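Before any comments, here is the structure.
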Amino acid sequence: MNYFEAFSEIAAELEEIEDRGQVAAYIPELSHVDPDKFGIHLTTVKNQQYFLGDSNTKFSIQSISKVLALTLARGLEENYLWDRVGVEPSGSPFNSLVQLEYEQGIPRNPLINAGALVVCDVLIGSLKNPQQEFIEFVRILAGDPDIGYCPRVAKSERLTGHKNAAMINLIKSYGNINHDIDLVLDFYCDLCSVEMSCKQLAQAFLFLATNGTNPLTGKEVVSVSRSKRINAIMQLCGFYDEAGEFAFKVGLPGKSGVGGGIIAIHPGKYSIAVWSPRLNAKGNSFKGMKFLELFTTRIGSSIF
Ligand code: DON
C-alpha cells in the first residue's frame with residue numbers, strides 16, 4: 001500500500017480543521033516550540049518508509065519514553081515489577097494522585113506518571129549507570145547514535161514538577177520507592193527530556209510490530225509474550241483518560257507525550273509517529289489524534 005497518498009490527502013484535510021489545542025506550558029521550556037510543526041513518519045516491518053512534513057525534526061518525546069523505560073525494565077532479570085505496578089487503565093489524568101492513596105501506593109499502570117516513577121526506581125536498582133544505559137538502549141532501537149537528553153527541558157521540569165514530587169513522596173510513604181527521591185526524580189525528568197524525530201521514533205518502536213525483535217539487529221529486545229503485553233498496556237493506558245477514545249477512533253496501541261508526539265503500532269505491519277505540539281484538554285496532540293483517526297479509517301486498517 002502506498003501510504004504517502006493517504007498522508008497528503010489527510011494533511012490537506014487537516015488544514016481545513018481549526019486546531020483548538022494548546023502547547024504544553026506547565027514545563028516552561030516546552031512552551032518555546034513552534035506550535036505549527038507537523039510531521040509524520042511510518043516505517044513498515046519490511047523497512048519501507050513513508051513520511052511527510054517535519055518528520056526529521058527532533059522534539060521532546062516526554063511520556064512516550066515511559067514505554068521504552070518499561071521495555072528496558074521488562075528486558076532485565078526478573079524484578080517483580082507487576083507486584084509494584086498494575087496493568088489497569090486509570091481513567092484519570094496522567095499526573096493524578098487520587099488513586100494512589102486508595103490503592104496504597106501501587107500505581108494503576110506503568111504509563112501514568114506514578115507508574116513511570118516506580119519503573120525508574122526499578123531501573124535505578126538494576127542498572128549500574130541508568131542514564132547512560134537507557135539512552136544507549138534507545139539509540140540501538142532507533143539505529144541512530146544521534147539521540148540524547150535535553151538538559152534544559154529536564155531542569156525546567158525538575159524545578160517546576162511539584163506534583164510529581166508530591167506523588168513520589170506519597171508512593172514512598174507506602175514503601176513502593178526504594179531509592180532516594182531526588183535520584184529517581186532526576187532520572188524521570190531525564191527520560192522525559194529525550195529528543196527524537198518522528199523518523200527515529202517510528203524505527204525505535206518497530207520492535208513492537210515484530211513480536212519483540214529489533215528488525216535492525218535481528219536481536220530480541222523483549223520476548224514475544226512481553227511484546228504482546230506492552231502493546232496491550234499501550235492500548236489500555238497510553239492516552240490516560242482518553243485511552244477509550246483513542247481505541248475507538250484510531251484502533252491501534254499507542255502512546256502520547258506532552259511534547260505533542262504520538263507513536264502508534266500496527267503489530268505485524270508498521271509503526272507510525274506523528275508530531276503536532278498543540279494538545280487537547282487531556283494532554284494529547286489534537287491534530288496528531290485526528291490524523292491517526294483519519295489515517296486508519298481511510299486505509300481501513302486497525303487491529304479491530
Ligand atoms: O511528568 C510530566 O508531567 C511530563 N514529563 C510527561 C507528561 C506527559 O507527557 C503526559 N502525556 N501525554
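Going down the list Lys58/Lys163; Lys199/Lys290; Lys228/Lys287; Lys249/Lys287; Lys163/Lys290; Lys66/Lys163, which pairs span over 22 Å between their C-alpha atoms? Table pairs above 22 Å Cα-Cα are Lys58/Lys163; Lys228/Lys287; Lys163/Lys290.
Taking amide H positions as modeled 1.01 Å from N, with prolines and chain starts lacking one, the residues under 5 Å from Ser55 and 5 or more places away or on another chain are Ile40. Of the residues Lys249, Lys66, Lys58, the one with the fewest other Cβ atoms within 10 Å heads the list, and the complete ranking is Lys249, Lys58, Lys66. Build a GNM of the chain with springs between Cα atoms under 10 Å apart, and of Thr160, Thr210, Thr57 the one that fluctuates most is Thr160. Taking 7 Å steps out from each Cα toward its Cβ at Ala12 and Ser173 produces label points 5.8 nm apart.
The 3J(HN,Hα) values that the Karplus relation (6.51, -1.76, 1.60; θ = phi - 60°) gives for the stretch 109-124 are, in residue order, 7, x, 9, 7, 4, 4, x, 5, 5, 5, 4, 4, 4, 4, 5, 4 Hz. Gly and Pro appear as x. Backbone phi angles across the stretch 219-226, fed through the Karplus curve with coefficients 6.51, -1.76 and 1.60 (θ = phi - 60°), yield HN-Hα couplings of 8, 6, 8, 9, 5, 4, 5, 5 Hz in residue order; Gly and Pro are listed as x. Given a Förster radius of 30 Å and the C-beta distance between Gln132 and Glu101 as r, what FRET efficiency does 1/(1 + (r/R0)^6) yield to the nearest 0.05? The formula returns an efficiency of 0.30 here. Counted by neighbouring Cβ atoms within 10 Å, the residues Trp82, Trp275 run from fewest to most as Trp82, Trp275.
Under a Gaussian network description of the chain, with springs only between Cα atoms under 10 Å, the residue in Leu292, Leu123, Leu14 that fluctuates furthest is Leu14. Distance between the C-alpha centres of the stretch 106-177 and the stretch 250-293: 21 Å, rounded to the whole angstrom. Using R0 = 25 Å, the C-beta based FRET efficiency linking Arg20 and Asp146 works out to 0.15. Note on the chain: Rg/Rh from Cα positions, Kirkwood definition for Rh, rounded to two decimals, is 0.94. Each of Met234, Met167 was scored by other Cβ atoms within 10 Å of its Cβ. Listed from fewest to most, they are Met167, Met234. Evaluating 6.51 cos²θ - 1.76 cosθ + 1.60 at θ = phi - 60° for every residue in the stretch 209-218, the Karplus couplings come out as 9, 10, 6, x, 9, 6, x, 7, 9, x Hz, glycine and proline recorded as x.
Taken over the C-alpha atoms, the stretch 53-147 has Rg and Dmax values of 14.7, 45 angstrom.
A short reminder: the numbers here are calculations on the coordinates, not readings from a lab. All figures in this text were calculated on a predicted structure; none of them were measured in a lab. Ideal geometry is used to build each Cβ from the backbone, glycine not excepted, and the neighbour counts take in all protein chains shown.
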